[in-house]
1. Val25: closer than 19 Å to Ile121 by Cα, free of Cβ contacts under 8 Å to residues at least 40 places away in the same chain and in contact with a strand residue (DSSP E or B) (Cβ under 9 Å, 6 or more places away or on another chain), yes or no?
2. Using the structure shown, decide if Met17 is closer than 20 Å to Leu118 by Cα and assigned to a helix (DSSP H, G or I).
3. Mind checking which residues of segment 77-103 are at pLDDT 95 or above and over 17 Å from Gly20 (Cβ atoms)?
4. Take Arg66 and decide whether it is in a loop (DSSP other than H, G, I, E, B), under 19 Å from Arg85 (Cβ atoms), without any contact (Cβ under 8 Å) to a residue 60 or more places away in the chain and charged (D, E, K, R).
5. Across segment 47-89, which residue is nearest to the chain's Cα centre (by Cα) among those that are exposed (fewer than 14 other Cβ atoms within 10 Å of the Cβ) and of a type in the set (A, V, I, L, M)?
6. Quick one: how many residues across segment 70-112 are touching a Lys or Arg at 6+ places or on another chain (Cβ under 9 Å), farther than 20 Å from Ile29 by Cβ and in a helix (DSSP H, G or I)?
7. Only one residue in His58, His54 is under 22 Å from Leu89 (Cβ atoms) and at pLDDT 95 or above, so which one is that?
Amino acid sequence: MPLDQSQRPLYEVKAAMFKGLAHPVRIRILEMLSTTPEVSVTELREETGLEQAHLSQHLAVLRTHRLVDSERRASHVYYRLADRRVADLLSAARSLLLGMLSRDGEDAAERLAEAKSLPTIGSAR
């Protein structure tokens with residue numbers, strides 16, 4: 001069934017959301033935000049080890065794709081998930097990853113063990 005042209009803009013929005021997820025650092029930032037109500041830029045910088053400029057670029061992409069919200073308080077900026085369902089999406093992606101790696105057999109045993117040791121992802125509340 002061909003793509004209905006009236007639906008194309010909706011698929012473009014969905015694709016843009018996935019573009020926002022399409023970097024390991026951004027996924028890690030979202031995972032961090034999924035475990036707590038908010039995180040300061042300072043904490044994000046410490047956790048990711050990124051320089052301020054690079055972190056700012058990733059946060060801008062996440063804001064552009066409406067995956068995170070930010071709030072400035074005095075001289076600090078705090079980030080949170082724009083929607084708690086982002087945590088569910090991350091959890092589903094991790095579950096899919098573990099399933100894929102487990103089917104890859106011995107070749108993926110080390111990667112599967114590493115994937116199982118990834119930090120916890122929060123869930124929607």
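1. When the stated conditions are applied, Val25 does not pass them.
2. Considered against the rule, which asks whether it is closer than 20 Å to Leu118 by Cα and assigned to a helix (DSSP H, G or I), Met17 comes out as no.
3. Within segment 77-103, Val77, Tyr78 meet the criteria.
4. Working: in a loop (DSSP other than H, G, I, E, B): yes; under 19 Å from Arg85 (Cβ atoms): yes; without any contact (Cβ under 8 Å) to a residue 60 or more places away in the chain: yes; charged (D, E, K, R): yes.
The answer is yes for Arg66.
5. Only one residue fits best here, namely Ala60.
6. Final tally of qualifying residues: 2.
7. From the options His58, His54, the qualifying one is His58.
The values are calculated or read from the model by the stated rules, or taken from the named source; none is laboratory data. Please read all numbers here as calculations on a predicted model, not as lab measurements. Neighbour counts are summed over all protein chains in view; Cβ atoms, including those assigned to glycine, are modelled from backbone coordinates with ideal geometry.
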